[in-house]
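Colleague: Once you've had a glance at the structure underneath, I'll fire off some questions.
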Amino acid sequence: MALLTVSGLGVTIGTLSPLDDVSFEAHKGEILGLVGESGSGKSLTAMAVMGLLGRIGGRVSSGSILFDGQELVGLRDSSYRRLRGKRIALISQNPMTSLDPIVRIGAQIDQVSLLHLRLSKPAAKARSIDLMQQLRIPDAETLHRAYPHQLSGGMKQRIVIAMALAADPDLIIADEPTTALDVTIQAQIIQIMVDLVRARDLALILITHDMGVVAQACNRVVVLYAGRVAETNTTQAIFASPCHPYTASLIGCIPSRDQAEGTLLGIPGTVPGVLNYPKGCRFHPRCGDAMQVCARTVPPTTAQPTGSVACHLHEVVT
Ligand code: SF4
Ligand code: MG
């Protein structure tokens with residue numbers, strides 16, 4: 001059974017509807033990639049699941065978010081606060097948004113288990129050092145007393161992962177966790193997360209625009225485009241025979257490190273903003289396979305052997 005089932009999720013911010021009919025499942029022991037260019041709705045989806053839309057003046061306007069059998073849509077703030085950090089943890093792109101620069105890193109990790117697991121101070125410290133060692137942080141005892149600025153970017157991100165793990169969550173959402181790091185460190189951090197998911201039977205939603213990261217880490221992939229799901233499939237199928245033209249172009253142009261997020265080699269144009277979502281298939285202005293129907297009618301989502309796709313090319317003609 002899925003740990004998280006998102007179905008027909010719509011999000012509004014004021015009069016805008018940036019997310020529309022988003023559905024996917026996340027399972028324990030699995031890394032689910034949430035993929036797409038900047039502006040496709042990946043982070044917004046994460047915020048909806050985390051119950052954080054209120055911070056940007058947004059709300060869930062339709063659909064359901066079932067977590068371990070519990071409906072999260074409409075959940076009270078106080079209940080959400082108990083869930084966040086404890087059962088669902090977030091790892092953000094920039095470790096400095098999660099780390100307090102003037103508090104020793106050990107104290108910051110300890111704080112999570114003091115709060116959520118109600119451990120004693122010595123037990124919390126022992127747990128933090130153990131977690132740091134599991135994340136292959138050298139000399140964890142010493143670094144427990146260090147301040148964030150004394151660590152490299154890769155080490156800081158490991159500390160953020162340790163904080164996310166400290167309450168022993170079931171689901172971790174990692175939003176572009178390695179984007180700020182260089183390629184070698186990025187690969188190490190991704191490998192650490194792959195190992196953690198296996199060892200702890202976690203569910204991990206990995207948000208990324210980097211198909212190289214998807215290939216390295218993910219079991220299944222949800223491809224978002226302009227606030228809708230273009231394709232859901234196994235990583236193997238996505239790379240072997242992508243169903244959606246957008247997925248195909250994402251794979252055709254794995255971006256280089258120094259290329260800005262939001263641009264893709266080979267796909268002209270950019271993701272349309274929420275004010276300019278095209279009618280019909282939102283990808284049609286950039287799609288080399290577009291037909292007349294594509295500009296008029298939203299493509300239905302149809303089942304595929306290992307996933308599903310929303311594209312008129314795959315529509316079953318009756
Ligand atoms: Fe391209 Fe049409 Fe499929 Fe959209 S529905 S991806 S425009 S072929
Ligand atoms: Mg984002």
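The values are calculated or read from the model by the stated rules, or taken from the named source; none is laboratory data. As the structure is a prediction and not an experimental result, all values here were calculated from the model. As a convention, Cβ positions derive from the backbone with ideal geometry for all residues, glycine included, and neighbour counts pool all protein chains shown. Ligands, DNA and RNA are excluded from the accessible area calculation, which covers all protein heavy atoms including side chains. Shrake-Rupley method; radii C 1.70, N 1.55, O 1.52, S 1.80 Å.
Colleague: P(r) tail for the chain, what percent of Cα pairs lie past 30 Å?
Modeller: That fraction is 35 percent.
Colleague: Could you calculate the FRET efficiency of Asn276 with Leu117 from 1/(1 + (r/R0)^6), where r is the beta carbon distance between them and R0 is 51 Å, rounded to 0.05?
Modeller: My answer for the efficiency is 0.60.
Colleague: Excluding Ala26 itself, calculate the net charge of residues whose Cβ lies under 12 Å from the Cβ of Ala26, where each Lys or Arg counts +1 and each Asp or Glu counts -1.
Modeller: -2
Colleague: Tyr147: accessible area at probe 1.4 Å, nearest 10 Å²?
Modeller: 70 Å²
Colleague: Just check region 119-267 against the gyration tensor rule for me: Cα atoms, a ≥ b ≥ c as the square roots of the eigenvalues, rounded for a/c under 1.5, and otherwise prolate or oblate depending on whether a/b exceeds b/c.
Modeller: It comes out prolate by the Cα gyration axes.
Colleague: Specify whether the C-alpha gyration tensor of region 43-95 places it in the rounded, prolate or oblate class, a ≥ b ≥ c being the square roots of the eigenvalues: rounded for a/c under 1.5, otherwise prolate if a/b is larger than b/c and oblate if not.
Modeller: Oblate.
Colleague: Quick one: order Asp100, Asp168 from most to least accessible surface, probe 1.4 Å. All intermediate terms of the calculation are to be shown ahead of the outcome.
Modeller: Values: Asp100 65, Asp168 90 Å².
The residues order as Asp168, Asp100, largest area first.
Colleague: Got a number for the accessible area of Ser43? Probe 1.4 Å, square angstrom, nearest 10.
Modeller: Answer for Ser43: close to 50 Å² accessible.
Colleague: Still on this structure: Taking the Cα-to-Cβ direction at Val103 and at Ala187 and moving 7 Å from each Cα, how far apart do the two end points lie in nm?
Modeller: About 3.5 nm separates the two model spin labels.
Colleague: Counting Lys +1, Arg +1, Asp -1, Glu -1, what net charge surrounds His149 among other residues with beta carbon under 14 Å of its beta carbon? Walk me through the numbers on the way to the answer.
Modeller: On the way: positive: Arg104, Arg145, Lys156; negative: Asp100.
Net charge around His149: +2.
Colleague: Given the whole protein assembly as supplied and a 1.4 Å probe, what does the accessible area of Leu119 come to in Å², nearest 10?
Modeller: For Leu119, solvent-accessible area is about 60 Å².
Colleague: Charges only on Cβ, +1 for Lys and Arg, -1 for Asp and Glu: so what's the dipole of region 87-180 about the Cα centre, in debye to the nearest 20?
Modeller: The dipole magnitude comes to about 260 debye.
Colleague: Round to a whole number: what % of the accessible area of the chain belongs to carbon and sulfur, probe 1.4 Å?
Modeller: Exposed carbon and sulfur together represent 53 percent of the surface.
Colleague: Is region 10-102 rounded, prolate or oblate when judged by the Cα gyration tensor, a ≥ b ≥ c being the square roots of its eigenvalues, rounded requiring a/c under 1.5 and prolate requiring a/b larger than b/c?
Modeller: Because its axes are fairly even, with a/c under 1.5, region 10-102 counts as rounded.
Colleague: With helices defined as uninterrupted DSSP H runs, which ones in the chain have an alpha carbon span along their own long axis of at least 24 Å and mean Kyte-Doolittle hydropathy of at least -1.0?
Modeller: 183-200
Colleague: Any idea of the accessible area per residue across region 51-186, 1.4 Å probe, to the nearest Å²?
Modeller: On the way: 6610 Å² over 136 residues.
I get 49 Å² per residue for this part.
Colleague: Quote the FRET efficiency, to the nearest 0.05, computed for Leu16 versus Ala303 with a Förster distance R0 of 35 Å and r equal to the Cβ-Cβ distance.
Modeller: 0.70
Colleague: So, in nm, how far is label Ala2 from label Ser152 when the simple model puts each one 7 Å beyond its Cα toward the Cβ?
Modeller: 3.9 nm
Colleague: Gln292 versus Gln236, label points 7 Å from Cα toward the beta carbon: distance in nm?
Modeller: 4.1 nm
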